[in-house]
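Engineer: Dropping the structure in here first, questions after.
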Amino acid sequence: MRLSVIGCGYLGAVHAAAMASLGHEVIGIDVDPAKIAALADGHAPFFEPGLDELLRTQLDRGALRFSTKIADAVGATVHFVAVGTPQSADGHAADLKFVDAAIEALLPILAPGDLVVGKSTVPVGTAARLAARIDEHGSGASLAWNPEFLREGYAVQDTVAPDRFVYGVQRGDSGIEDGPVDLLDQVYATPLSTGTPRIVTDFATAELVKVAANAFLATKISFINAMAEIAETVGADVTELADAIGHDARIGRRFLNAGVGFGGGCLPKDIRAFAARAEELGRGDSVAFLRQVDEINLRRRQRVVDRALQAFDGSVVGRRITVLGVTFKPESDDVRDSPALDVAVQLKGLGAEVIATDPHGIEPARLRHPQLAYVASTTDALAGAELVVLVTEWREYRDLDPSAAAQLVASPSIIDGRNVLDPVAWRASGWRFWGMGRP
Ligand code: UDX
């Protein structure tokens with residue numbers, strides 16, 4: 001099939017390459033010429049494992065092209081909208097300007113039978129509004145909403161082999177519209193043939209599925225971080241608690257890692273946008289807990305900063321602190337709403353001499369926070385540190401040898417903000433060691 005993907009960020013670039021790998025002919029469109037030039041050259045403008053290789057394979061095969069011109073999407077039957085929906089500058093709601101602009105740009109080129117497929121995360125009610133806009137334009141094209149559940153770091157795998165598909169389509173008096181479902185089934189024929197579940201529903205449910213999934217995940221993380229707060233008070237160990245409750249299959253151990261909390265381009269803004277939308281709908285009470293989920297999450301960053309202050313008896317002024325990790329999670333260079341970077345910036349603001357390091361995140365972090373000192377090598381970053389703060393659990397940091405690291409630093413003190421190090425081994429090597437919610 002001929003497909004277009006409008007918006008080539010984390011979501012769209014991966015989607016375009018993945019759809020080409022499923023055998024389709026794909027054009028990726030973005031308004032940013034630098035991004036398009038890099039993609040057309042086989043380089044993702046961000047770090048995502050496996051994506052560069054996939055881009056190059058599909059570009060070389062001629063199955064994938066990139067362009068800044070929407071006119072190049074003419075001839076595609078299915079147009080995916082994968083633009084960002086950031087938090088608005090003046091509140092918690094999602095800013096839909098890129099989605100609206102993408103639809104307006106597509107309208108003049110749509111042909112009868114074309115399908116526009118929204119993948120961006122949007123407030124419930126958006127798809128119905130956009131479908132009305134497409135209908136009013138009279139092109140004979142229709143709309144479906146097909147949310148994406150990909151995780152950064154596993155984006156390629158999650159796109160070509162997702163754990164489920166959700167199709168939101170127009171539900172009229174005669175039931176669900178068949179045309180969009182058939183087209184999406186053709187797009188996803190390969191993964192569907194392996195038995196991937198597919199849920200066909202209406203627009204509102206599809207929109208809600210996405211925000212409900214992210215709200216649940218965020219709640220799960222904040223739940224265990226709330227337990228960490230209690231554990232800290234009574235001298236209990238939240239990692240052992242998580243292991244113990246995680247054995248209950250109804251609870252499950254995944255997404256129960258307490259630490260510095262969640263960040264990134266999705267969970268924080270999605271729970272805020274969900275709460276804002278619920279308020280608009282007069283249902284603020286139904287998701288009022290999400291405000292607490294957000295607050296618990298932000299308190300964990302503060303907890304790491306407070307621990308650092310404690311380590312120096314109340315003041316970090318002039319202290320050499322090494323921050324291991326700036327991205328919001330490993331296997332990504334994404335620093336959007338990163339707890340790690342936030343901790344580094346706060347410590348710097350309190351007068352510490354912060355050296356930050358990260359395997360892939362230094363350049364994006366430097367663009368946002370040029371006031372921090374960045375060092376590429378972990379060894380160089382550790383040299384002379386009076387305190388080490390591990391806030392992104394890259395493999396390289398998890399595998400640090402405590403004895404070797406102790407030789408590098410000025411004073412062997414470490415805060416494990418992700419609970420990934422073995423406290424016994426680190427203490428045995430002479431380190432003062434603090435975990436999150438651990439004695
Ligand atoms: C998330 C959802 O997982 C994905 O389905 C959705 O499509 C987009 O948002 P992503 O933002 O890539 O994906 O990251 P994810 O792996 O979910 O992690 C989010 C944050 O939670 C990270 O900062 C991570 O460090 C943190 N986290 C995760 C925890 O603090 N504890 C955990 O147990 C799990």
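The values are calculated or read from the model by the stated rules, or taken from the named source; none is laboratory data. It should be emphasised that the depicted structure is a prediction, and the values quoted were computed from it without experimental measurement. Note: ideal-geometry Cβ built from the backbone for every residue, glycine included; neighbour counts use all protein chains shown. Accessible surface is based on the protein model in full, side chains and every heavy atom, while ligands, DNA and RNA are left aside. Shrake-Rupley method; radii C 1.70, N 1.55, O 1.52, S 1.80 Å.
Engineer: Is it the case that segment 416-439 has a residue that's open to solvent by 50 Å² or more (accessible area, probe 1.4 Å) and either modelled with pLDDT under 95 or under 18 Å from Q302 (Cα atoms) (or both)?
Structural biologist: Within segment 416-439, one or more residues are open to solvent by 50 Å² or more (accessible area, probe 1.4 Å) and either modelled with pLDDT under 95 or under 18 Å from Q302 (Cα atoms) (or both).
Engineer: Filter segment 168-190 for residues that are among the hydrophobic types (A, V, I, L, M, F, W, C) and part of a helix (DSSP H, G or I); which is most open to solvent (accessible area, probe 1.4 Å)?
Structural biologist: Applying the first criterion (among the hydrophobic types (A, V, I, L, M, F, W, C)) to segment 168-190 yields 169, 176, 181, 183-184, 187, 189.
If we keep only those that are part of a helix (DSSP H, G or I) too, we end up with 181, 183-184, 187, 189.
Working: V181: 13, L183: 31, L184: 0, V187: 2, A189: 51 Å².
Here the answer is A189.
Engineer: Can you name the residue in segment 145-165 that is free of Cβ contacts under 8 Å to residues at least 60 places away in the same chain and touching a Phe, Trp or Tyr at 6+ places or on another chain (Cβ under 8 Å) and, of all such residues, is farthest from the ligand (Cβ to nearest atom)?
Structural biologist: The selected residue is F165.
Engineer: Picking from L309, L298, which residue would you name as being within 14 Å of the ligand (Cβ to nearest atom), assigned by TED's automatic domain parsing to the domain that holds I221, surrounded by fewer than 21 Cβ atoms within 10 Å (Cβ to Cβ) and at pLDDT 95 or above? Steps first, please.
Structural biologist: Values: L309 fails: within 14 Å of the ligand (Cβ to nearest atom).
Unique residue meeting the criteria: L298.
Engineer: Could you check segment 220-237 and list, in sequence order, the residues that are among the charged types (D, E, K, R) and in a loop (DSSP other than H, G, I, E, B)? Talk me through it step by step, then tell me what you get.
Structural biologist: Residues of segment 220-237 among the charged types (D, E, K, R): 220, 229, 232, 237.
Within segment 220-237, just D237 meets the criteria.
Engineer: Taking the criterion of being open to solvent by 40 Å² or more (accessible area, probe 1.4 Å) and modelled with pLDDT of 95 or more, would at least one residue in segment 320-328 satisfy it? It would help to see each step written out before you state the result.
Structural biologist: Residues of segment 320-328 that are open to solvent by 40 Å² or more (accessible area, probe 1.4 Å), as a first pass: none.
No: segment 320-328 contains no residue that is open to solvent by 40 Å² or more (accessible area, probe 1.4 Å) and modelled with pLDDT of 95 or more.
Engineer: Pull up segment 191-205, narrow it to residues that are outside any strand (DSSP E or B) and open to solvent by less than 50 Å² (accessible area, probe 1.4 Å), then point me to the one that is farthest from D114 (Cα to Cα).
Structural biologist: Result: T196.
Conditions tested, residue by residue: (1) open to solvent by less than 20 Å² (accessible area, probe 1.4 Å); (2) closer than 24 Å to T126 by Cα.
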residue	(1), (2)
I27	yes, no
T68	no, no
V81	yes, yes
A89	no, yes
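Engineer: Another question about this same structure. Here are some conditions: (1) part of a helix (DSSP H, G or I); (2) within 15 Å of the ligand (Cβ to nearest atom); (3) closer than 19 Å to R151 by Cα. A258 meets all but one. Which one does it not meet?
Structural biologist: Going through the list (1) part of a helix (DSSP H, G or I); (2) within 15 Å of the ligand (Cβ to nearest atom); (3) closer than 19 Å to R151 by Cα, A258 breaks only (1).
Engineer: Let me ask another. Within the bounds of segment 279-290, is there any residue that is away from the ligand (no atom under 15 Å from the Cβ), β-branched (V, I, T) and in the same structural domain as V409 (by TED's automatic domain parsing)?
Structural biologist: Yes, because at least one residue in segment 279-290 is away from the ligand (no atom under 15 Å from the Cβ), β-branched (V, I, T) and in the same structural domain as V409 (by TED's automatic domain parsing).
Engineer: Pairs, please: C-beta under 8 Å, at least 6 apart or cross-chain, first residue among the charged types (D, E, K, R) and in segment 206-219, second assigned to a helix (DSSP H, G or I) and near the ligand (Cβ under 10 Å from one of its atoms)?
Structural biologist: The qualifying pairs are K210/D270.
Engineer: Could you pull out every one of the strands (runs of 3 or more DSSP E) wholly within segment 31-141 that has 3 or more residues that are farther than 30 Å from A275 by Cα?
Structural biologist: Here the list reads 64-67.
Engineer: May I pose another question? In the set V420, V389, which member is assigned to a strand (DSSP E or B) and within 11 Å of G325 (Cβ to Cβ)?
Structural biologist: V389
Engineer: Looking at segment 319-339, can you tell me whether even one residue there is part of a loop (DSSP other than H, G, I, E, B), in the same structural domain as R432 (by TED's automatic domain parsing) and away from the ligand (no atom under 16 Å from the Cβ)?
Structural biologist: Yes.
Engineer: Let me ask something additional. Name the residue, out of L107, L39, that is in contact with a Phe, Trp or Tyr (Cβ under 7 Å, 6 or more places away or on another chain) and free of Cβ contacts under 8 Å to residues at least 60 places away in the same chain.
Structural biologist: The unique qualifying residue is L39.
Engineer: Of all residues in segment 207-233, which are crowded, with 23+ Cβ neighbours inside 10 Å, near the ligand (Cβ under 9 Å from one of its atoms) and charged (D, E, K, R)?
Structural biologist: K210
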